[in-house]
Every structure is written in C-alpha cells, then in structure tokens.
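Remarks on the structure that follows.
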Amino acid sequence: MSIDKDTAAKVAKLARIRVEAADLPALAEEFNAVLGFIEQLSEVDVEGVEPMVSVTPMRLPRRVDVVSDGGQQAKVLANAPDAREGFFAVPKVVE
Amino acid sequence: MADLNKLTIAAARDALRKGDVSSAELTEACLGEIESAGALNAFVHNTPEIARAQAAAADARIKAGDAPDMCGIPLGIKDLFCTKGVPSQAASNILKGFKPEYESTVTSQLFDAGAVMLGKLNMDEFAMGSSNETSAYGNAVNPWRRDGSEAALTPGGSSGGSASAVAADLCLAATGTDTGGSIRQPAAFTGITGIKPTYGRVSRWGVVAFASSLDQAGPMTKDVRDAAIMLEAMCGHDAKDSTSADLAVPNFEAMLTGDIRGKTIGIPREYRMDGMPEEIEKLWAEGTEMLKAAGAKIVDISLPHTKYALPTYYVIAPAEASSNLARYDGVRYGHRAKLAAGDGITEMYEKTRAEGFGHEVQRRVMVGTYVLSAGFYDAYYNRARKVRTLIKRDFEEVFATGVDAILTPATPSAAFGLGEMSEADPIAMYLNDVFTVTVNLAGLPGIAVPTGTDSQGLPLGLQLIGRPWEEGDLLNTAYALEQAAGFVAKPAKWW
C-alpha cells in the first residue's frame, strides 16, 4: 500500500494540521516508510484472536450518578487564548 | 555535610531524621547545582520559591517526628505532569503558557508526603521520542561523554531531562513516564535506575496523555532502594483514573533482601537481535552469570511475537495519540495561531496545530489518523490490537511455567550523539525501544539497572521484566543484580 500526495493531503485534512502543498511529497514518503514498517503485521496469524481491549483484566468501575464537581467557570476559562463573557470565543462557525 | 545534592533518597531520609541535615540545606544545594548546570538543559522551568516553601514545611514536619520517607526530598518533575500554577507544557509549543489549575495525582501524592519540587524537566515533545531532540525547549544533554571526546550525547528520551538531572546530581530523584521505554532507555543511557510499574499501578490523572493504554509514570533514581521508596509514594488507587488498580501498595523497600535463591530468571532468545553489538551481548551474559551466582535458576525462554512488538506499537501509540491530541485545538488552552481575514474555525484548527506541534508529533498524529480512518481500521488498528493480545500471551505462558523475572538488555547501544540520528529515517530511531516496548504492550513492570560501561566509558544497563503487580519481587531481583554489578561510576563534571 503506497501513499501518494493526495492521500497525504487527505490525512492532513482529517488530522486538522495544515501542510503546505510543497511539503506533501516528503510527507507521503515518511508515511510510506512508517507504513512499510508496520506492514510486517500482515505476516502474523491472528485467526480467532480477540483484539485487546484492556491490558489488565479489569471491569470499568462504576460510580453513583450524581454531580460531584462543578462551579469552576473561572478556572476552566483561565487558560483560554480568547475567553469573553464567560465563554470560549472562536471565529464565526455559522453564517 | 558536603555534596548534599549527591545523596540518595535513603541517605537523605536517614540524615534528615537524625537531624544531621535540613531539607532547606538539601534544597539549597540542589538549587545551586541547577543554577550552574544550564549546559545540560535538564531543568526548563525552575521553581525555587515553591521549593523553599516546601522545604520549610518539610523541616517543620520532620521536627514534629512523623515524616514519611519522601519528606524533605528535593525532586525534579517531568514537564508532562500538570503542576498547579506552574508551566506544564509537555515540551510542546502548543501548550506554551499553560498553567494548570490543578495538580496531577502523582505530584499531589509526592507533595502530600513532603517532597520538594525544584522545577520542571525537559523531555521529548508529548513524550514522543527517544533522544530528547523533539523538545520545544531544545535538547537535554547527557552528563556523560565518551572518553577523550567533547561531543554532546543524548540522555535518551522521552524522559531525557529527568535522566540527565538525576545522573548529574541536580536533584535526588525525578519523576518519569514510560509509554514505550521512556523511563528505562534514558536511565540506561545515563547510568541510573528507572522503573515502569504495572499498567494501572500509578494514576495517570493529570499526566498529559500520549497513548493512554500504554502510559505509566514511575521514578528515576540513583539506585534500586530509592526506586522502591519513591515508587511506593507514587502508587495507589485513584478514583479519578478509571484504569487505576484498587490494590494495596506494599512496602517495597522492606522487600529488598537481596536474596534471590530459588528464583527462576528467563533469558528470551528472541532478544538476541541480528547485529547486536558485542558489548551488549557481553553485558547480558555477565548479568545472567551474576543472577546465577546469587542463587537464581536460569532458563532459556521464548517470546515468539517479540519482533512484531515495535510495528504493533507504531500503530497503537499513534492511533491513541491522534485521539488524545485532538484536544489541542486553540480553543481551551495554549497556543492559537494568528488568523487571516476571513479565516473560519477550520483554518484556526489547522494553522494552530501546524504551528504548535513539532514535526515528530505531527507525523505521529497523522499516522494515527490514517490507521484509524475508514477502510484501514481493520487492516491496521484491529490487527495491531490482535497482535498485542499475542504479545501479552507470550509473557503469560512464560510466567505460567514458573519464571519469576526476565533478563534482557535495556537498549541496543550506549547513548549516541545528539544530531547523529537526524539523517536516519524515523524507523532507526524507533529501534531504540526494541527491548522495552514489549513491556508496555503487555502492561508489565520493567526496571533498568546500570551494570557496566562500554569501551568508551559510557554506562550500559540491563532490564528486568516482572510479573504483573509484583514490583516488590522485581525490585528485589534488581537489587541483587545491582549489588553483584557494583556499578558506581559517575560522569566527570564538565558542565
């Protein structure tokens, strides 16, 4: 499986990382090196093997369905690049 | 007392309790060393005010007579741990300026036990790297040099700053984290001890996430006894981490008897790699002999899926990273790119992430995105999860035959030069973790112990892998190896 620059552009778009068109061929080449390496996994016989969900056998713990935290608006917003009137501010999303 | 910064945790604890030294004195000694060690670039955010306040509180507590082992001990904290009000940016520009409003569970536990934070330590960006060369702070430097050479060497990664700081005696010990070898490889490169506990032993809450099913924090220390003391303080159940194990934490230090008579140590044949340097081969054989001489039974074992561990890791870790790092979007914290007129929210995400993430992080996020994307999820991600099951099963089968621990090299080489690998393809760098990554995939505890030096005078380490939750037994085997190896070399001070 070889990745061309169009696929590289698509992956960059899905990852929401801007990659300049001039850098796409080099990026595609790097993907191919990594994917070539992981291609070895196709040799392994995995017939009937369950995919690992949890490395240590454990049940996900349950807790009582109650509010246990909150009222921390100032702290939540403290690190925001742009916070206004108690909200995170972002560029216009809908016209 | 002279050279207070060079003390072990155990020696400092005993001196503090006897009243021979104060935490304030220990702390000043370390702060002084950090001040003059800029060339190592190990500490990247210094917190002398916090350190002095914590030391004063520790001294009061010690006087009152009820101080835990870690009380008054000056530590360095890897930048991956969120520390309240102190920059915590995972060595990434995307978290520049981020000051958490909360404290990670690990640092909370250490501070509750009276430990002192000297500052934050350099690392690879988001813990992705094996040489500390992907850091937004620049390279951390190994205090060790090759005989007769002034070439700057890597301290390893991702916990490179932690390794450099402990090896250079800038602090008594440091926290590290390990996703594929990031505690054990740098420990081996700098002649110190580092343990990655069983997955679930140490809470991940407040530790910036890289690959959540693999990440574990652990101590990086000057010897095995210190690793036992500090690990105990870091362990324990935490309701805020749903994968944290609700198990009692033993007194690990009390388990260090050095008696390993009757223990069975496995030597895995698949770890004898093609092209492995003779020095590593020799180190491994010597370590095997040491454990045998101490009364352990040595058996050859097979872990047949070993060669698939690295490719499995390079599917699972990027996949989890691409999901975890989706949160860095320029909205809630850290960097936001300057936008051009007419830019919408998608441009904001794309520009912010292109500016904020370094090259290796971008590559891994995109590889992860690819292996999780429609049409490839089964071929790559699901297949890797199945192979991971087989890798874990290899270990289970070996432990079921009565093997107590497994001895392997920690790294395929001694520390290499900074910049030496820059022309190599990414796979060459990934091979650094060939002996350590299996342990993360199987969720097991692993410890690196320095046992010798190479022909150029650089430290080399061996790795012991233990049964799940049996860190105490593993530490005791490591203690026996440490005593037999008698590694005491220190880097000559040039910084």
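Worth a mention:
- Here the helices (runs of 4 or more DSSP H) wholly within region B:341-436 that include at least 3 residues being more than 8 Å from chain A (Cβ to nearest Cβ) are B:345-356, B:359-372, B:383-400.
- Within region A:70-90, not a single residue is exposed (fewer than 10 other Cβ atoms within 10 Å of the Cβ) and aliphatic (A, V, I, L, M).
- Top-ranked residue of region B:437-462 - restricted to ones that are farther than 23 Å from residue B:303 by Cα and of a type outside the set (S, T, N, Q), ranked as farthest from the other protein chains (Cβ to nearest Cβ): B:457
- Meets criteria (modelled with pLDDT of 95 or more, surrounded by 14 or more Cβ atoms within 10 Å (Cβ to Cβ) and in a strand (DSSP E or B)) for residue B:287: no
- Residue within region B:473-482 that is part of a helix (DSSP H, G or I) and of a type in the set (Gly, Ala, Ser) present: yes
- Matching residues in region B:391-414 - criterion: being over 14 Å from residue B:467 (Cβ atoms), β-branched (Val, Ile, Thr) and surrounded by fewer than 17 Cβ atoms within 10 Å (Cβ to Cβ): none
- Some residue of region B:81-89 being surrounded by 24 or more Cβ atoms within 10 Å (Cβ to Cβ), out of contact with any strand residue (DSSP E or B) (no Cβ under 8 Å at 6 or more places or on another chain) and not small (Gly, Ala, Ser): yes
- Flag for residue A:11 being within 30 Å of residue B:346 (Cα to Cα) and at pLDDT 95 or above: yes
Every residue, every condition in (1) surrounded by fewer than 24 Cβ atoms within 10 Å (Cβ to Cβ); (2) at pLDDT 95 or above; (3) among the hydrophobic types (A, V, I, L, M, F, W, C); (4) within 30 Å of residue B:65 (Cα to Cα), yes or no:
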{"position": "B:118", "(1), (2), (3), (4)": "no, yes, yes, yes"}
{"position": "B:125", "(1), (2), (3), (4)": "no, yes, no, no"}
{"position": "B:141", "(1), (2), (3), (4)": "no, yes, yes, no"}
{"position": "B:162", "(1), (2), (3), (4)": "no, yes, no, no"}
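- Helices (runs of 4 or more DSSP H) contained entirely in region B:14-131, each with at least 3 residues that are under 30 Å from residue B:360 (Cα atoms): B:105-112
- One residue from B:231, B:214 being under 16 Å from the mean Cα position of the chain (by Cα), under 28 Å from residue B:100 (Cα atoms) and in a helix (DSSP H, G or I): B:231
- Residue check, residue B:101 under 24 Å from the mean Cα position of the chain (by Cα), modelled with pLDDT of 95 or more and of a type in the set (Asp, Glu): no
- Odd one out for residue A:38 among (1) touching a Pro at 6+ places or on another chain (Cβ under 9 Å); (2) surrounded by fewer than 17 Cβ atoms within 10 Å (Cβ to Cβ): (2)
- Verdict on residue B:169 being more than 14 Å from chain A (Cβ to nearest Cβ), in contact with a Cys (Cβ under 9 Å, 6 or more places away or on another chain) and surrounded by fewer than 24 Cβ atoms within 10 Å (Cβ to Cβ): yes
- Matching entry among B:483, B:456 (being polar (S, T, N, Q), farther than 24 Å from residue B:236 by Cα and out of contact with any Asp or Glu (no Cβ under 9 Å at 6 or more places or on another chain)): B:483
- Look at (1) closer than 29 Å to residue B:199 by Cβ; (2) surrounded by fewer than 18 Cβ atoms within 10 Å (Cβ to Cβ); (3) modelled with pLDDT under 95 and you find that residue A:48 fails only one, number (3).
Okay, residues lined up against (1) more than 30 Å from residue A:82 (Cβ to Cβ); (2) part of a helix (DSSP H, G or I); (3) of a type outside the set (Val, Ile, Thr); (4) touching a His at 6+ places or on another chain (Cβ under 8 Å):
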| site | (1), (2), (3), (4) |
| --- | --- |
| B:273 | yes, no, yes, no |
| B:295 | yes, no, yes, no |
| B:307 | yes, yes, yes, no |
| B:326 | no, yes, yes, no |
| B:336 | no, no, yes, no |
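For (1) within 17 Å of residue B:96 (Cα to Cα); (2) in contact (Cβ under 8 Å) with a residue 12 or more places away in the chain; (3) surrounded by fewer than 21 Cβ atoms within 10 Å (Cβ to Cβ); (4) more than 29 Å from the chain's Cα centre (by Cα), each residue gets a yes or a no:
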site	(1), (2), (3), (4)
B:316	no, yes, no, no
B:325	yes, yes, no, no
B:330	yes, yes, no, no
B:333	yes, yes, no, no
B:342	no, no, yes, yes
B:345	no, no, yes, yes
B:355	yes, yes, yes, no
B:361	yes, yes, no, no
B:367	no, yes, no, no
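The values are calculated or read from the model by the stated rules, or taken from the named source; none is laboratory data. What you see is a predicted model; the values in this text were computed from it and never measured. Ideal geometry is used to build each Cβ from the backbone, glycine not excepted, and the neighbour counts take in all protein chains shown.
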